[in-house]
Amino acid sequence: MSEAQLEAETLFRGTQAEAMISSKHQATPMIVNNYNGPVSLTHQNHVGHASNAIFGDNLGSLNQHAPGGQNERKAIDEAEGLRYLRRNIAPGAIHDSNERCDAPKCMKETRVAVQEDIMSWIDAEDRHTPSKRIMWVTGPAGTGKTAILGTITDACKEKGTLAASFFFSAFSGSESRRTKRYFVPTLAFQLMGHSGLTGTRGHILSSVAQDDGIVFTKNLKEQFNAMVLIPLFSMAQEHDSGAKATPRVIIIDGLDECDFEQAVTAGSPNGMGYISIRRKEDEQTEILSLLLLAVSNPSFPFRILIASRPEMHICDFFATEGKLCTRELFLDDKYHPNADIALFYDAKFSTICRRLNINPEEWPGKGVKQTLVRNASGQFIHAATVMRYIEGSPQPPQHHLQGDKPSTPHQRLQHILAQQQVRPSHNPLEALDELYRLVLETCPDPDFSMKWLRAAQLEYRNFRLNTEWRDHFPVWLLRLVLETSPGEEQYALGPLSSLLPTQISEENLRKPYFFYHKSFLDFIADPTRCGKRFLTEEECLTWVAQQFFQTLDKHVECLARHAGSRERYRLLLITLYELPNSSFQKAVVPYIRSSDLQQWAAAYAEWHQNSDMSNRKFRWETIITRMLAVLHQGCSWYLCCSACRLSTKKVTDVLKAKGWRVPKFTQVLWREWERYYNRYTDLEAPPEEP
């Protein structure tokens with residue numbers, strides 16, 4: 001017996017015992033009521049049994065057994081449990097969520113062989129393949145893993161065999177899809193909603209409601225035990241498992257995109273100290289170990305389908321601990337990707353021909369399509385990017401129709417064919433990288449476009465429940481601080497509509513920029529792949545700081561319109577504070593000197609006293625003190641440079657005139673010596689007017 005099987009057997013016996021206790025009917029509560037006068041035992045009184053009672057005119061004691069009390073308590077627990085559970089799930093990670101409405105799916109008649117292999121494994125009886133209850137779908141970036149699992153998930157949902165799904169995403173708009181925190185609760189939420197698993201609902205919700213939702217603070221194993229295993233075993237004891245068609249598979253995509261959460265040291269003076277950092281590899285291995293433990297238990301009813309890139313630690317896991325329980329499906333030439341890519345090109349070119357009234361027999365030609373298929377090297381993301389480039393933006397910016405830049409689909413196709421040739425390479429991503437480089441070079445100013453792309457990937461740090469989490473800045477904020485003149489965003493990103501949506505709806509302005517595939521983000525972050533256009537994070541942050549102070553006069557008006565967006569603005573200031581001193585002094589200080597800090601400070605000082613702008617949950621001092629910290633960047637703790645002294649005085653003079661209490665220099669110096677993250681933490685706004 002393997003170590004995983006031994007641990008699973010131990011866990012099984014423990015969960016069985018807990019399940020038996022959980023499923024036992026609780027004792028009916030007894031209610032004792034005292035009555036004066038006659039007591040009538042009628043059906044309307046809901047009295048189940050009366051004992052030791054004297055009825056009539058005498059004082060009587062009625063012992064009433066009330067079976068309804070248990071159901072009422074159960075309903076309250078379930079309602080409370082449901083509230084806790086909903087707060088701790090990742091709705092966007094579920095396969096049919098609105099967040100995934102544009103997720104890739106396999107085109108009709110493509111990837112048939114691989115889909116048949118997966119579906120036959122899902123539907124196989126366990127007695128035929130008892131040990132292989134995990135299937136790992138893997139392959140290089142761009143081979144269509146997410147599209148395949150998305151299509152399989154839809155098929156299983158239609159058949160009623162899908163138990164639950166979780167689609168991790170490193171570049172998702174919601175941070176809940178990037179960490180393990182919401183993984184188990186999201187699975188449990190789906191299990192209790194399945195028509196074949198309704199018996200789990202009460203057990204899951206009562207487990208969550210117990211101890212005010214403390215289960216969400218437990219490690220993954222304890223969460224899985226409480227919210228998945230015990231409810232499943234309890235249901236099996238209470239219900240006829242053959243009464244309805246039960247689901248067969250849990251589907252998990254993008255495991256390699258699950259990142260770590262960094263815990264914050266409690267009790268540090270500034271709340272910014274850290275304890276040991278877990279790597280994302282540790283988080284992913286923890287999830288794999290949990291799933292292996294589950295399938296090693298013969299009473300666990302599901303198979304598990306996982307997709308990820310073949311990262312080293314994941315390969316090691318499936319080659320060692322998970323070897324006996326796992327079937328590996330590698331997306332290589334065995335599944336004839338070129339034939340499927342050819343079908344994809346046929347369909348896409350036919351659509352363009354219909355739209356533009358072109359004879360498909362004449363354009364683009366069989367030889368051209370064969371060349372494109374070869375260039376794709378089996379990567380569907382390559383083919384998809386090529387076609388998005390050839391189709392062009394629905395509303396291309398005017399500059400893109402001028403000069404020597406390709407504009408029509410035919411011109412774009414010729415540009416692709418002229419620039420991209422397949423060269424022998426041991427790097428499986430070389431063809432894709434060359435395509436990305438080619439698309440970047442179609443921009444009127446590729447370096448300027450790269451600055452915007454890298455800025456879109458800047459991360460800010462935030463803290464919640466003693467945990468650090470990271471996210472990207474929303475579109476509206478980057479437009480606000482980066483556009484020194486109207487239309488700059490479209491000038492930079494408009495030609496890149498094959499890589500990211502460039503026509504952004506009002507609803508999506510509050511979300512980060514969305515990219516079609518993670519491989520492009522990997523490309524722009526890797527100097528060995530990106531080449532001469534590569535921009536370091538420090539260079540990008542320096543440029544963002546320069547743009548920030550150039551556009552400072554616009555910030556006041558915009559933030560007045562978007563009152564709920566002030567927290568992201570504060571987090572941007574924190575991010576600018578992380579810029580190295582040397583870069584700040586040389587490259588950013590000149591832009592600070594030319595900015596109108598007085599107008600900016602006056603607006604914020606007035607907002608605090610404006611009842612329409614005031615928000616009691618938000619302290620305006622935090623934005624102002626953050627700005628003062630940024631102005632001080634590059635100075636020593638005991639001595640400010642002349643630019644810092646001048647800029648700080650501009651801000652503090654305005655605040656004093658508005659009635660704010662500005663700490664004396666000795667107080668500021670003391671906070672600096674104490675290494676407070678905010679030297680102006682003693683800044684106080686005047687009392688709000690009633």
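The values are calculated or read from the model by the stated rules, or taken from the named source; none is laboratory data. What you see is a predicted model; the values in this text were computed from it and never measured. All Cβ positions, even for glycine, are placed from backbone atoms using ideal geometry, and neighbour counts span all protein chains on display.
Got at least one residue in region 473-483 being more than 24 Å from the chain's Cα centre (by Cα), surrounded by fewer than 18 Cβ atoms within 10 Å (Cβ to Cβ) and at pLDDT 95 or above? No, region 473-483 contains no residue that is more than 24 Å from the chain's Cα centre (by Cα), surrounded by fewer than 18 Cβ atoms within 10 Å (Cβ to Cβ) and at pLDDT 95 or above. In summary, GLY322 fulfils each of the numbered conditions (1) surrounded by 22 or more Cβ atoms within 10 Å (Cβ to Cβ); (2) closer than 20 Å to ARG111 by Cα with the single exception of condition (2). Do we have SER120 as hydroxyl-bearing (Ser, Thr, Tyr) and closer than 24 Å to ILE134 by Cα here? When the stated conditions are applied, SER120 passes them. The condition (being farther than 30 Å from GLU434 by Cβ and either among the aromatic types (Phe, Trp, Tyr) or assigned by TED's automatic domain parsing to the domain that holds GLY392 (or both)) is satisfied by just one residue among PHE584, PHE520, PHE514: PHE584. Reported count of residues in region 487-514, each being outside any helix (DSSP H, G or I), among the hydrophobic types (A, V, I, L, M, F, W, C) and either surrounded by 21 or more Cβ atoms within 10 Å (Cβ to Cβ) or touching a Cys at 6+ places or on another chain (Cβ under 7 Å) (or both), is 1.
For the criterion of being at pLDDT below 95, buried (at least 20 other Cβ atoms within 10 Å of the Cβ) and either in contact with a Cys (Cβ under 9 Å, 6 or more places away or on another chain) or over 16 Å from SER131 (Cβ atoms) (or both), SER276 fails. Among the residues of region 598-621, the ones that are closer than 17 Å to ARG570 by Cβ and at pLDDT 90 or above come to 2 in all. Taking the numbered list (1) within 17 Å of the chain's Cα centre (by Cα); (2) touching a residue at least 12 places away in the same chain (Cβ under 8 Å) in turn, TRP136 passes all entries but (1). The C-beta contact set for region 158-175 (first residue assigned by TED's automatic domain parsing to the domain that holds SER195 and farther than 19 Å from ALA525 by Cβ, second residue surrounded by fewer than 19 Cβ atoms within 10 Å (Cβ to Cβ) and of a type in the set (Ser, Thr, Tyr), distance under 8 angstrom, 6+ apart or interchain) comprises GLY160/SER195. Candidates are the residues of region 551-577 that are of a type in the set (S, T, N, Q) and part of a helix (DSSP H, G or I); the one that is modelled with the highest pLDDT is THR575.
Quick grid of which residues meet (1) basic (Lys, Arg); (2) in contact (Cβ under 8 Å) with a residue 24 or more places away in the chain:
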site: ARG303; (1), (2): yes, yes
site: GLU311; (1), (2): no, yes
site: PHE317; (1), (2): no, yes
site: THR320; (1), (2): no, no
site: LEU331; (1), (2): no, yes
site: ASN338; (1), (2): no, yes
site: ALA342; (1), (2): no, yes
site: ASP346; (1), (2): no, no
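Listed by first and then second residue, the pairs linking a residue in region 631-644 that is free of Cβ contacts under 8 Å to residues at least 40 places away in the same chain and closer than 19 Å to TRP600 by Cβ to a residue that is outside any loop (DSSP other than H, G, I, E, B) and of a type in the set (Ser, Thr, Tyr), with Cβ atoms under 8 Å apart and 6 or more places separating them unless they lie on different chains, are LEU631/SER647; LEU631/THR648. If only residues of region 578-597 that are closer than 19 Å to THR536 by Cα and buried (at least 18 other Cβ atoms within 10 Å of the Cβ) are counted, the one that is modelled with the highest pLDDT is VAL588. For ALA418, the stated conditions hold: it is at pLDDT below 95, in a helix (DSSP H, G or I) and small (Gly, Ala, Ser). For the residues GLU80, GLU116, GLU125, the requirement of being at pLDDT 55 or above, surrounded by fewer than 18 Cβ atoms within 10 Å (Cβ to Cβ) and assigned to a loop (DSSP other than H, G, I, E, B) singles out GLU125.
Considering region 250-273, and only residues there that are in contact with a helix residue (DSSP H, G or I) (Cβ under 9 Å, 6 or more places away or on another chain) and not in a strand (DSSP E or B), the residue that is modelled with the lowest pLDDT turns out to be GLU261.
A count restricted to region 353-372 and to residues that are under 17 Å from HIS415 (Cα atoms) and either of a type in the set (S, T, N, Q) or surrounded by fewer than 21 Cβ atoms within 10 Å (Cβ to Cβ) (or both) stands at 7.
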